[in-house]
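Worksheet for the structure shown next.
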Amino acid sequence: MIELKGSKKLQVLKKATLQVNTGLSGLERVLSWFGQLYDPRIPTSVWIRCQLALAEGFTNAVRHAHEGKPANLPIDIEVAVCTECLEINIWDSGAAFDLEQKIKDMSEKKAREAGGGWGLKLMKDISDSLSYSRTPDGRNCLSIVKNYTPLSQTDDENDILQLPEELSG
């Protein structure tokens, strides 16, 4: 059981861990592994957003936290699929940083210029909870939690991604 939102306990349906060496070539393996954890009670739109958040978190660990570090330095990932939420944890061995300040800086930068580096803001927008902590062993843990309302079998037929009007015309 995972405890979220006060004393409400959510049943863990699936929980898995993966360790991948530093390198963007590991992204395909990460996404394939994540795909195996899918549960039909999770709305497709939620699953796709979580997949994007996982990809962003992993690539941030590779590109920023592990920049210039040995290729065999591991990134650990844990996913818990619960009855009403998905929890993704990503551990890296980079330097500590202030997640909220970094996101604030990115928001201010947006007003001045366009460009890359929006992964943290995207993850914050996708998640219901995005947090960062430094572990006792000196690693960073990025935690992404996304709540969802479980689907019944008939709901699944109605759970399609809607294209914006300008793309569906």
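The values are calculated or read from the model by the stated rules, or taken from the named source; none is laboratory data. All values reported here derive from a predicted model rather than from experimental measurement. Don't worry about glycine lacking a Cβ; one is built from the backbone with ideal geometry, like all the others, and counts go over all protein chains shown. For the accessible areas, the whole protein counts, side chains as well, though only heavy atoms, and no ligand, DNA or RNA atoms are used. Shrake-Rupley method; radii C 1.70, N 1.55, O 1.52, S 1.80 Å.
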**Prompt:** Would it be correct to say that VAL79 is under 22 Å from THR149 (Cα atoms) and not polar (S, T, N, Q)?
**Reply:** yes
**Message:** Of the conditions (1) part of a loop (DSSP other than H, G, I, E, B); (2) open to solvent by 80 Å² or more (accessible area, probe 1.4 Å); (3) under 25 Å from LYS121 (Cβ atoms), ALA96 satisfies every one except a single condition; which number is it?
**Reply:** (2)
**Yes/no for LEU10 being farther than 21 Å from ALA96 by Cβ, of a type in the set (A, V, I, L, M) and open to solvent by 30 Å² or more (accessible area, probe 1.4 Å)** = no
**Asked** Does LEU27 satisfy the condition of being of a type outside the set (Phe, Trp, Tyr), under 17 Å from MET123 (Cα atoms), surrounded by 15 or more Cβ atoms within 10 Å (Cβ to Cβ) and within 12 Å of the chain's Cα centre (by Cα)?
**Response** no
**Single condition GLU56 does not satisfy, out of (1) of a type in the set (Asp, Glu); (2) part of a strand (DSSP E or B); (3) surrounded by 17 or more Cβ atoms within 10 Å (Cβ to Cβ)** = (2)
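Please find, within the stretch 135-149, the residue that is most open to solvent (accessible area, probe 1.4 Å) out of those that are farther than 17 Å from THR44 by Cα and in contact (Cβ under 8 Å) with a residue 12 or more places away in the chain. Step through it out loud before you land on a result.
If we filter the stretch 135-149 for residues that are farther than 17 Å from THR44 by Cα, which is where we start, we get 135-144.
Next cut, in contact (Cβ under 8 Å) with a residue 12 or more places away in the chain only: 135, 138-144.
Values: THR135: 30, GLY138: 31, ARG139: 60, ASN140: 3, CYS141: 14, LEU142: 23, SER143: 16, ILE144: 4 Å².
Selected residue: ARG139.
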**Fill in**
Pairing a residue in the stretch 23-43 that is of a type in the set (Gly, Ala, Ser) with any residue that is part of a helix (DSSP H, G or I), where Cβ atoms lie under 7 Å and the two sit 6 or more apart in sequence or on different chains, gives GLY23/VAL62
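Pull up the stretch 30-39, narrow it to residues that are under 12 Å from VAL79 (Cα atoms) and touching a Leu at 6+ places or on another chain (Cβ under 8 Å), then point me to the one that is surrounded by the fewest Cβ atoms within 10 Å (Cβ to Cβ). Even if it seems obvious, please write down each step before you answer.
Going residue by residue through the stretch 30-39, those that are under 12 Å from VAL79 (Cα atoms) are 30-31, 33-38.
Then drop every residue that is not touching a Leu at 6+ places or on another chain (Cβ under 8 Å), which leaves 30-31, 33-34.
Details: VAL30: 20, LEU31: 14, TRP33: 16, PHE34: 21.
This residue is LEU31.
How many residues does the stretch 40-51 contain that are part of a helix (DSSP H, G or I) and loosely packed, with under 15 Cβ neighbours inside 10 Å? Reasoning before the result, please.
Keep residues of the stretch 40-51 that are part of a helix (DSSP H, G or I), which gives 44-51.
After this cut, where a residue has to be loosely packed, with under 15 Cβ neighbours inside 10 Å as well, the list is 44-45, 48.
Matching residues across the stretch 40-51 total 3.
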**Request:** Under 9 Å between Cβ atoms, at least 6 apart or on separate chains: pull out the pairs that start in the stretch 93-106 with a residue that is touching a residue at least 12 places away in the same chain (Cβ under 8 Å) and end on any residue that is among the small types (Gly, Ala, Ser) and assigned to a loop (DSSP other than H, G, I, E, B).
**Result:** SER93/GLY138; ALA96/GLY138; MET106/GLY117
**Item:** Residues within the stretch 63-78 that are crowded, with 21+ Cβ neighbours inside 10 Å and not small (Gly, Ala, Ser), tallied
**Value:** 2
